[in-house]
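Colleague: I am attaching a structure below and will ask some questions about it afterwards.
The values are calculated or read from the model by the stated rules, or taken from the named source; none is laboratory data. Quick caveat: nothing in here was measured; it's all calculated off a predicted structure. Glycine also receives a Cβ, built like all others from the backbone with ideal geometry; neighbour counts cover every protein chain displayed. SASA here: full protein model, heavy atoms, side chains in, ligands and nucleic acids out. Shrake-Rupley method; radii C 1.70, N 1.55, O 1.52, S 1.80 Å.
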Amino acid sequence: VQQFPDTESHIHYAQLGTDVTLQCGSVDRDAAVTWTANSTDLDASHLNGSRLVLRNVDLSHSGQYSCYEGSSWHLKYRVNLKVGTPPKEPALMCRSNNYPSGFYCSWHMPIPTYIPDTFNITVMHDSKEIVCDMDVSLKNRCYIRYLHLFSSKKYKVTLTVTNALGSSSTSISFDEFAIVKPDPPENVVAKPIPNNARRLLVTWQYPSSWPDPDSFPLKFFLRYRPLIIDQWQHVELSDGTTHIITDAYAGKEYIIQVAAKDNEIGTWSDWSVAVHATPWTEEPKHLTTEAQGAETTTASTSAFVVPTTTSIGNSEEQGS
Amino acid sequence: RQSIQQTYDLTRYLEHQLHSLAATYLSYLGPPFNEPDFDPPRLIGAEAVPSATVDFQEWHSLNDNARLAANYQAYSHLLCYLSTMDGKSPVAMPTLRHSLAHFRASLQGLLGSIAGIMASLGYQLPPTPTDGTPPLRSQFLRKMDDFWLLKELQTWLWRSAKDFNRLRKRVPPSAVMLHLESRGF
């Protein structure tokens, strides 16, 4: 804590669970003073002369403490007490979702410190340090561009977190190929195929973050199941971005997801957003418009005109 | 007909084979070589093994001849080196020596496959390394060389898969056929 003119606010960091003694600036140790915490008077039991003593502090002790000269209520000293903890080992993860352009590293604090932390990350490869460009929009993330491909040397990333009460660091090392994990496929669409009661056409697109599908083609994993059954069916597809499910239960609504992976390296993406579809079903003959039209022509010779109705089958399914 | 697809498939098979071979060999070499985070500096001996590392733009813009030639030269070197692998020493496990021999034969097949494609496309084969005997080195340094050889092999097989991905798309099978016919096959 640097020394400023007394009336300016100071910051004092204290570790959770410790005893804290706040001095009333340069006031004499035995001078008569009054301390307030967030403008609330503190009783004399906390005082040791002009010093304020707080025992076994917790987060609720954080706040603004002000010290006033005995009788004149002249503000002598103000301090912002921030109670927190020294940082524990941060969680660090690196991933290449746009191989071979580069990879990003992101981190978080599994255990919060409640006080401001600063992070410093270093990326070493082939005994050289590589710049990790901080992401402007996403907090706790930085990005490394690959200058070279197909390296047999590992990348080593070290993250150090520091706050007023201490510091901690973590390191990971990995091969270029091990961290390749695409984003999920996009624009997944599933549609019934007319006149095919057991088929569904599924289409999707490469994740837009994947830069070079030609040189780095993805393979896909499709899973699907009827809503009424928990067991997924899977199919792996090494080419193309469409698939026809040919063994769907007629009339049953299906849930479908797709995942992606580089053809040779890395790991599978997360599952895509789930889409739903129900295979094509035959229109019930008596209720369809044509059937009804045929009846109308015969009915016109009779006294009544049959009103147009939607097929129940359809309305019931859409309502689900 | 030496199709690029078959060469790609052979590359994938070799990669799969190497995965288990490398694990066995590294555990045979023992610590620290079989520790996951072992990341030693690359020593002089291993420099002879051509590195798969390449500048991204350069790799992207390689023409088909250069791309195939780079693969051919790499595997020529790697095969030479593979034959000096420590597996010959008496303490080596017979199963390991068998796996090494099998892998070498498969790698020889890949080399032949690449040569076949190059010949079918009318490309000259690059010079192959002379079968020089490696300099006398301590056992630890020989193990270090073996470690780096396996690493480089794995990386080259990954690179080759990507190379053949590009070639599959850029070199239509008919081009291979046309050239074969024009050479009277």
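Colleague: For region A:231-246, what are the residues that are open to solvent by 30 Å² or more (accessible area, probe 1.4 Å) and modelled with pLDDT of 95 or more?
Modeller: A:Gln231, A:Trp232, A:Gln233, A:His234, A:Val235, A:Glu236, A:Thr241, A:Thr242, A:His243, A:Ile244, A:Thr246
Colleague: Considering only residues of region A:17-33 that are in contact with a strand residue (DSSP E or B) (Cβ under 6 Å, 6 or more places away or on another chain) and surrounded by fewer than 18 Cβ atoms within 10 Å (Cβ to Cβ), which is modelled with the lowest pLDDT?
Modeller: Restricting to residues being in contact with a strand residue (DSSP E or B) (Cβ under 6 Å, 6 or more places away or on another chain) and surrounded by fewer than 18 Cβ atoms within 10 Å (Cβ to Cβ), the top hit is A:Gln23.
Colleague: Which pairs do you get when a residue that is loosely packed, with under 13 Cβ neighbours inside 10 Å, found in region B:14-32, comes within reach of a residue that is part of a helix (DSSP H, G or I), reach meaning Cβ atoms under 9 angstrom, with the pair 6+ apart or on two chains?
Modeller: Going by the 9 Å Cβ cut-off, the qualifying pairs are B:His19/B:Gln154; B:Ser20/B:Ser99; B:Gly30/B:Lys143.
Colleague: Applying the selection to region A:177-195, what residues are open to solvent by less than 50 Å² (accessible area, probe 1.4 Å) and either of a type in the set (A, V, I, L, M) or modelled with pLDDT under 95 (or both)?
Modeller: Those that are open to solvent by less than 50 Å² (accessible area, probe 1.4 Å) and either of a type in the set (A, V, I, L, M) or modelled with pLDDT under 95 (or both): A:Phe177, A:Ile179, A:Val180, A:Val188, A:Ala190, A:Ile193.
Colleague: Something else now. Which pairs do you get when a residue that is more than 14 Å from every other protein chain (Cβ to nearest Cβ), found in region A:264-276, comes within reach of a residue that is assigned to a loop (DSSP other than H, G, I, E, B) and among the basic types (Lys, Arg), reach meaning Cβ atoms under 7 angstrom, with the pair 6+ apart or on two chains?
Modeller: Listed by first residue and then by second, the contacts come to A:Thr267/A:Lys181; A:Ser269/A:Lys181.
Colleague: Residues of region A:211-230 being out of contact with any Asp or Glu (no Cβ under 7 Å at 6 or more places or on another chain), surrounded by 15 or more Cβ atoms within 10 Å (Cβ to Cβ) and among the hydrophobic types (A, V, I, L, M, F, W, C), which ones?
Modeller: Residues satisfying the conditions are A:Phe220, A:Leu222.
Colleague: Can you tell me which residue is least open to solvent (accessible area, probe 1.4 Å) among those in region A:250-270 that are closer than 23 Å to A:Ile228 by Cβ and assigned to a loop (DSSP other than H, G, I, E, B)?
Modeller: My answer is A:Gly251.
Colleague: Further, regarding this structure: Of all strands (runs of 3 or more DSSP E) completely enclosed by region A:80-175, which ones contain at least 2 residues that are touching a residue at least 12 places away in the same chain (Cβ under 8 Å) and open to solvent by less than 70 Å² (accessible area, probe 1.4 Å)?
Modeller: A:91-95, A:102-108, A:118-125, A:141-145, A:155-163, A:166-174
Colleague: Which of (1) loosely packed, with under 15 Cβ neighbours inside 10 Å; (2) in a loop (DSSP other than H, G, I, E, B); (3) within 14 Å of chain B (Cβ to nearest Cβ) does A:Ser208 not meet, given it meets every other one?
Modeller: Checking A:Ser208 against (1) loosely packed, with under 15 Cβ neighbours inside 10 Å; (2) in a loop (DSSP other than H, G, I, E, B); (3) within 14 Å of chain B (Cβ to nearest Cβ), the one that fails is (3).
Colleague: May I ask you to list the residues in region B:80-114 that are of a type in the set (A, V, I, L, M, F, W, C) and at pLDDT 90 or above?
Modeller: Within region B:80-114, B:Phe103, B:Ala105, B:Leu107, B:Leu110, B:Leu111, B:Ile114 qualify.
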